[in-house]
Structure formats: C-alpha cells, structure tokens
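Worksheet: the structure to be examined is printed underneath.
Every number in this text was worked out from the coordinates using simple rules, so none of it is lab data. Values in this document were obtained by computation on a predicted structure and should not be read as measured data. As a convention, Cβ positions derive from the backbone with ideal geometry for all residues, glycine included, and neighbour counts pool all protein chains shown.
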Amino acid sequence: MYFTRDVLFKAPSPAATALLGHSVNGWTKWKDSTGRTLEEAMDRSTPGNDYEA
C-alpha cells in the first residue's frame, strides 16, 4: 500500500488495519521506540472495558 498524501484516521485501530491489511487493535499494536503501547502511553484502559470496581 502506498499513500500519495497524508491520511487522517479518527482512531488508531483503522490506521493500523490500513497498514497491516487485517483487523487489529490499534491501541495495543502501535508502540513507541521503548515498546510501550499507545494504550499505555495514553494511560487508557482497554477500549470497551470501562468497568470500574
């Protein structure tokens, strides 16, 4: 896949899916140079798991 212009995605999962070619959780797939996930970097719970005890 080649992008000939900048593409803005509204969420990390569609962006990761576009690059990898299959469905993926972008919150856990995107990582920085230290291996920290986007979820960890944003201090965010797993999407869809908003339960608080």
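Remark: the stretch 6-16, residue by residue, has Karplus-estimated 3J(HN,Hα) of 5, 10, 9, 9, 7, 8, x, 5, x, 5, 5 Hz, where x stands for each Gly or Pro and the curve is 6.51 cos²θ - 1.76 cosθ + 1.60 at θ = phi - 60°. For the stretch 1-47, the residue among ALA16, THR4, ALA41 whose Cα projects farthest onto the positive side of the dipole built from Cβ charges is THR4.
Relative to the current alpha-carbon distance between LEU8 and THR34, full extension at 0.36 nm per residue lengthens the span by 6.9 nm.
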